Amino acid sequence: MAVNPNRISPSAAAAAPGRDGAVIGLVCSAHFFSHFYIFAIPPMLPLIKADLGVTYTEMGLLLTLFSLASGASQYFMGVLVDRIGARWVLTGGMTLLASAIAMMGVVPVYGALAAFALAAGLGNSVFHPADYTILGARVRPGRVGRAFSLHTFSGMAGFTAAPIAMTVMATAWDWRTAFVIAGAAGLLVVAVLMSQMHLLDDRHGEEPALAKAPAGLGLRTIVSPPVLFMFLFFFVIAMVAMGMSGFMPAALKTQFGMSLVDANLILTGFLAATGVGVLFGGFVADRLQRLDVVAAVGFAGAAAALVIVALVPLPYPAILTVFLFAGFMIGMISPSRDMMVRNISPPGASGRVFGFVSMGLDLGGVAAPILFGWLMDRGLPEGIFIGAAAVLLLAIVAGFGANRYVPRPAAAAE
């Protein structure tokens, strides 16, 4: 009888439903704060500037240092995950991140603030390689897709909560107090994680797989065709996400003459639909094996919707509807994307594979503003949507390419 190609660890197979929920809750709580802290700094920049008397360039450097440290360190954190276990890397990174955020509210000078922004980015680099390794090892195989969807959704919730929470705290007290409270909340999560370390033990019962972990940095693992295809997949997704969130309102205003309020309402709907799609996509990923086909259907549908907006004059309600559909289809792919990475990860190397492909998200975020900004500068607002559609088609190719290396069910038959 054929079985699912996903590797089934003894620990995951033995996990009870209640344990699945506990593991998912712990990991998603940490991931919520990871994304919360990413968006905790930007709303405070004007207040920090006024208080410390620095320039906006120096303020922007805080975000650059955070992003640079986070993106550049993910692969190395993945190697560490594969060497010492994900739970230690997760709790250590979370401790560093939350402590650095709290210290940003304490230090009196800009230089120290920049140093702690760099430290916070380093702490933030642990979450993708550690979280996905824990969820893949500790959650029952039939629920991993939903676990991945909740993981992604928790990060989106952190993005949403941060500007509101930080602004409210800064208004009630000041920006320093807001950072201290936010950091202290993260340290409370660390305390909970430490008290439940047995639930986060990704190595339990997996010694044979770990014995096959690549030596050293394992660079041969990440330059293999399936991993490179998934790196491209992540890169493309990030380009679309950043392109839409950064330039959709401006493109809609220019192309259709709508107000910024109306254009931002469409962006809000697009992002909300993406979140709904992420949750739905978890059920899809748990039930289907050809996840590359799921990705192809979702991205093709979203690409078609974006082309329609670019080429067809539509009334406002129709534009909103089309973007709701596109957001849902793009969000639906997220759990399948993560399951595809899990499927192509060699035994004992899931940390470094997830860390490496996640770097594609950072690089895509760097490339997107350049490409889409160039299109807007040349008076091509419709190019934002056509360009995003073309990039989505490239993701389909990458998904099919990676799937060629996933073990077929027949090969895993008893």
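Residues being surrounded by fewer than 24 Cβ atoms within 10 Å (Cβ to Cβ) and touching a Gly at 6+ places or on another chain (Cβ under 8 Å): count how many of those fall in the stretch 311-328.
4
Do you know which residues across the stretch 100-145 are of a type in the set (Ser, Thr, Tyr), open to solvent by less than 20 Å² (accessible area, probe 1.4 Å) and either over 17 Å from Met340 (Cβ atoms) or touching a strand residue (DSSP E or B) at 6+ places or on another chain (Cβ under 7 Å) (or both)?
Hit for the stretch 100-145 is Ser125, nothing else.
Would you please list the contacts, defined by Cβ atoms under 8 Å and residues six or more apart or on different chains, that run from a residue in the stretch 285-307 that is in a helix (DSSP H, G or I) to a residue that is open to solvent by less than 10 Å² (accessible area, probe 1.4 Å) and among the aromatic types (Phe, Trp, Tyr)?
Close Cβ pairs satisfying both conditions: Ala285/Phe148; Ala295/Phe233; Ala305/Phe323; Leu306/Phe385; Val307/Phe385.
Do we have any residue at all in the stretch 86-94 that's part of a helix (DSSP H, G or I), open to solvent by 10 Å² or more (accessible area, probe 1.4 Å) and of a type in the set (S, T, N, Q)?
no
Filtering the stretch 378-390 down to residues that are crowded, with 22+ Cβ neighbours inside 10 Å and not small (Gly, Ala, Ser), which residue is nearest to Ile330 (Cα to Cα)?
Top of the filtered list is Phe385.
Scan the stretch 42-83 for residues that are among the β-branched types (Val, Ile, Thr), over 19 Å from Trp175 (Cβ atoms) and touching a Lys or Arg at 6+ places or on another chain (Cβ under 9 Å) and report the count.
Qualifying residue count for the region: 2.
Considering every residue within the stretch 362-370, establish whether at least one is farther than 29 Å from Met339 by Cα and of a type outside the set (Asp, Glu).
yes
Kindly provide the set of residues from the stretch 76-85 that are under 18 Å from the mean Cα position of the chain (by Cα) and open to solvent by 10 Å² or more (accessible area, probe 1.4 Å), ordered by number.
Phe76, Met77 - these are the residues of the stretch 76-85 that are under 18 Å from the mean Cα position of the chain (by Cα) and open to solvent by 10 Å² or more (accessible area, probe 1.4 Å).
Conditions (1) modelled with pLDDT under 85; (2) touching a Cys at 6+ places or on another chain (Cβ under 7 Å); (3) under 21 Å from Val276 (Cα atoms), marked per residue:
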{"site": "Ala318", "(1), (2), (3)": "no, no, yes"}
{"site": "Met329", "(1), (2), (3)": "no, no, yes"}
{"site": "Arg352", "(1), (2), (3)": "no, no, no"}
{"site": "Val357", "(1), (2), (3)": "no, no, no"}
{"site": "Pro369", "(1), (2), (3)": "yes, no, no"}
{"site": "Ile384", "(1), (2), (3)": "no, no, no"}
{"site": "Ala390", "(1), (2), (3)": "no, no, no"}
{"site": "Ile396", "(1), (2), (3)": "no, no, no"}
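Restricting attention to the stretch 242-252, does a residue exist that is within 20 Å of Met376 (Cβ to Cβ) and free of Cβ contacts under 8 Å to residues at least 40 places away in the same chain?
yes
For (1) surrounded by 20 or more Cβ atoms within 10 Å (Cβ to Cβ); (2) assigned to a helix (DSSP H, G or I); (3) without any contact (Cβ under 8 Å) to a residue 24 or more places away in the chain, each residue gets a yes or a no:
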| site | (1), (2), (3) |
| --- | --- |
| Gly25 | no, yes, yes |
| Ser29 | no, yes, no |
| Met44 | yes, yes, no |
| Leu47 | no, yes, no |
| Ala50 | no, yes, yes |
| Val54 | no, no, no |
| Gly60 | no, yes, yes |
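Could you check how many residues of the stretch 265-296 are more than 19 Å from Ile308 (Cα to Cα) and open to solvent by less than 70 Å² (accessible area, probe 1.4 Å)?
Of the residues in the stretch 265-296, 15 are more than 19 Å from Ile308 (Cα to Cα) and open to solvent by less than 70 Å² (accessible area, probe 1.4 Å).
The values are calculated or read from the model by the stated rules, or taken from the named source; none is laboratory data. Keep in mind that this is a model prediction, so the values were computed, not measured. Quick reminder, even Gly has a Cβ in these numbers, built from the backbone with ideal geometry, and neighbours come from all protein chains shown. Remember, those area values only see protein heavy atoms, side chains included, never the ligands or the DNA or RNA. Shrake-Rupley method; radii C 1.70, N 1.55, O 1.52, S 1.80 Å.
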